[in-house]
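The values are calculated or read from the model by the stated rules, or taken from the named source; none is laboratory data. Owing to the predicted nature of the structure, the values given are computational and were not obtained by experimental measurement. Positions of Cβ are backbone-derived with ideal geometry, glycine not excepted, and every protein chain shown enters the neighbour counts. Ligands, DNA and RNA are stripped out before the accessible areas are found, and what is left, the full protein with its side chains, is counted by its heavy atoms. Shrake-Rupley method; radii C 1.70, N 1.55, O 1.52, S 1.80 Å.
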Amino acid sequence: MVKLKKALCKGYLALIIAFLYLPILMLIVLSFNNSRSRVTWGGFTLDWYVKLFSDSRILDALETTLALGFGSAAIATIIGTLGAVGIQAMKKRNYQVVMAVTNIPILNAEIVTGIALMLWFVRFMPLGFTSVLISHVTFNIPYVILSVMPKLRQLNLSVYEAARDLGANNSYAFVKIILPQIWSGILSGFFMALTMSMDDFVITYFTKGAGVNTLSTMIYGEIRKGIKPQMYALSTLIFVVIFVILLITNFLPDREKQQAEQSLRERKAY
Amino acid sequence: MKRKYLSAPYLIWVVGFILLPLVTIAVSALMDKNGSFTLENILSIIDPINRQALLLSLGIAFGCTVICVLLAYPAAMVLKSLHLDKKGFAIFILILPMWMNFILRILAWQMILSNNGVLNLLLGKLGIGPLHISNSWVALMIGTVYDFLPFMILPIFNAISDIDEDTIEAARDLGAGSKAVFWKVILPLSAPGMVSGVIMVFVPAMTSFVIADILGGGKLQLIGNIIEQEFTKSMNWHAGSGLSISLMIFVLVSLAFTMKNDLKDKGTTVW
């Protein structure tokens, strides 16, 4: 009876996971399909992967997407980390006000954020790569702040004070003492920002102007004429790369993480 | 140098790119084509076509949120019961799909649900169907639930995982059966996670326009579609701004019912 219940539970979870991955499987299959039709199987082929590398429009869009993703995530990480350190030192009231504003881009409807930014940009600059970059930084910063903040709260400040007492100056103590303690939060903020930027469509769509295309906006523009199968090939490649990276970072036993967990457990024990 | 000055660049950013754009859209909403003050744009949300779109959006968002909670809660419980030594695995499984482009994934659903799609092919082999659900609200609902389900599972899973095992054991020791443990201990303690999940699902589900564009076949108009068309097709920016402001007010009001805890569960632990 207990065994049956357990099997049912696992079966349910498997169904949910199947639901989440069914369309992905479908897209991967299509990337190997030797037929332009989306419903019939025309045999296995690697053609689309070959053609992908000579399709300059798709490669341009990929470049824009990556430049936006890494650029906006990097800028957001710097501004957001400094911001979080500063916000934490604020008086309670200012702290609450700033954190409430920080939540706006996450809570507000994407379409409203996108349109508001667009209306603001057209007052003083042409829409283009820069306006999209600024928009991505804007919706990325909150993710950085929200993942750095908890690390700052766990921070052991007495080590920092000890370093200052022993003659370290402000910035040296920050780099040597504070930064290592909040590093994991900064990293997860960076990758969260990267994920959000690469997956964004709505805000890019409203702020991009003519001539700039990310993978998302390009796909959206192609819906009516039909998606090029090269796009399935590219998406499959991106997916596999991220899958491998995530697998390595999450499941290889890495010492640094174990040490971090160990110290966390010790702190909890106190 | 004082520590709080480090936040200066961020505060400048907040004013320049969060607050001022919102002021701009509000100003644009309150103006007519000639630049004089009007409330017409904001009130146009109650025009029959817009009102119908708003109601459909609300219905889809409400249904999607309820279905997501019902699907997500058991899934989060099972994930927790697997006793993975690392939280990472569950989050990994849920975040990974986001790396396949979201529009492509919705297009894949269109292919799966279409009249001669994979679903009907499979049902046909079982002797059922064919079902005609493409371009209907059923397809739209499936796509919406699909897109936002991970954002419901994650916070609920985090909340359930954070419950101290000792609390559950204490309840058992004091004679609670597994039903009582669930209703009196686990459910109340995981409620904040559910609230985060509801916020993260309801608002985007109500305001999205891409899913309806693809799975509704142009027949189903959500309020997001109407706003998008004001900007891209009818080029009536003031009307679009007005509807956006009404939508924002609507969202804020519905959030006011559920808010009060900040969003700390947007899945950052996977990295």
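Structure data summary
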{"read-out": "Shielding score for A:165-177, defined as the mean number of other chain Cβ atoms within 10 Å", "value": "0"}
{"read-out": "Chain A: DSSP helices with Cα axial extent of at least 30 Å and average Kyte-Doolittle hydropathy no lower than 0.5", "value": "A:2-31, A:56-88, A:129-154, A:229-251"}
{"read-out": "Solvent exposure of the protein assembly as shown as accessible area per residue, Å², 1.4 Å probe", "value": "48 Å²"}
{"read-out": "Extreme residue, positive dipole direction of chain A, given options A:Ala162, A:Leu127, A:Leu13 (C-beta unit charges)", "value": "A:Leu13"}
{"read-out": "Options B:Leu113, B:Ile160, B:Ile42, ranked by Cα towards positive dipole end of region B:31-270, top entry (Cβ charges)", "value": "B:Leu113"}
{"read-out": "Alpha carbon convex hull of the protein assembly as shown, projected area averaged over orientations, nm²", "value": "29.3 nm²"}
{"read-out": "Shielding by partners, peptide B:137-149 (average Cβ within 10 angstrom, other chains)", "value": "1"}
{"read-out": "Mean-position separation - Cα centroids, region A:175-231 and region B:176-193, in angstrom", "value": "38 Å"}
{"read-out": "GNM result for chain A, Cα springs below 10 Å: residue of A:Phe44, A:Phe32, A:Phe191 fluctuating most strongly", "value": "A:Phe44"}
{"read-out": "For peptides B:193-203, A:149-159, sequence by mean Cβ density within 10 Å, most packed first", "value": "B:193-203, A:149-159"}
{"read-out": "The protein assembly as shown, dipole about Cα centre (Lys/Arg Cβ +1, Asp/Glu Cβ -1), debye to the nearest 20", "value": "560 debye"}
{"read-out": "Size of charge dipole - chain B - debye, nearest 20, with Cβ of Lys, Arg +1 and Asp, Glu -1, no other charges", "value": "240 debye"}
{"read-out": "Relative contact order, percent, region A:60-188 [alpha-carbon distance under 8 Å, six or more residues apart]", "value": "34 percent"}
{"read-out": "Relative contact order (%) - chain B, alpha-carbon pairs under 8 angstrom, separation at least six", "value": "31 percent"}
{"read-out": "Most mobile of A:Ile203, A:Ile182, A:Ile242 in a GNM of chain A (Cα contacts under 10 Å)", "value": "A:Ile242"}
{"read-out": "Coarse-grained scattering of region B:1-88 at q = 0.14 Å⁻¹, given as base-10 log I(q)/I(0) from a Debye sum over alpha-carbon atoms", "value": "-0.87"}
{"read-out": "Built amide H within the under 5 Å cut-off of B:Met31, gap 5+", "value": "B:Thr38"}
{"read-out": "Lys/Arg +1, Asp/Glu -1 at C-beta; region B:31-270 dipole; positive extreme among B:Leu56, B:Pro130, B:His238", "value": "B:Pro130"}
{"read-out": "A:Phe19 accessible area, assembled protein chains, probe 1.4 Å, Å²", "value": "50 Å²"}
{"read-out": "Lysine pairs with alpha-carbon atoms under 30 Å apart, chain A, spacing 8 or more or separate chains", "value": "18"}
{"read-out": "With every protein chain in place, region A:121-225: carbon and sulfur % of accessible area (1.4 Å)", "value": "59 percent"}
{"read-out": "C-alpha center-to-center spacing [region A:118-133, region A:1-69] in angstrom", "value": "34 Å"}
{"read-out": "Region A:50-129: trypsin sites (Lys or Arg not before Pro) falling in loop per DSSP and having at most 12 other Cβ within 10 Å", "value": "A:Lys91, A:Arg123"}
{"read-out": "Among B:68-74, B:207-213, the order from most to least packed when residues are scored by Cβ within 10 Å on average", "value": "B:207-213, B:68-74"}
{"read-out": "Computed magnitude of the charge dipole of region A:140-209 (debye, nearest 20; Cβ of K, R +1, Cβ of D, E -1)", "value": "60 debye"}
{"read-out": "Listed residues B:Glu165, B:Glu230, B:Glu40, most fluctuating in chain B (Gaussian network, C-alpha, under 10 Å)", "value": "B:Glu165"}
{"read-out": "Kyte-Doolittle mean at least -0.5 and Cα axial length at least 24 Å: DSSP H helices in chain B", "value": "B:48-81, B:137-161, B:187-207, B:237-258"}
{"read-out": "Relative contact order of chain A, defined on C-alpha pairs under 8 angstrom at six or more residues apart (%)", "value": "28 percent"}
{"read-out": "Anisotropy class of chain A from Cα gyration tensor, a/c 1.5 cut", "value": "oblate"}
{"read-out": "Average beta carbon contacts from partner chains per residue of B:240-246, 10 Å cutoff", "value": "3"}
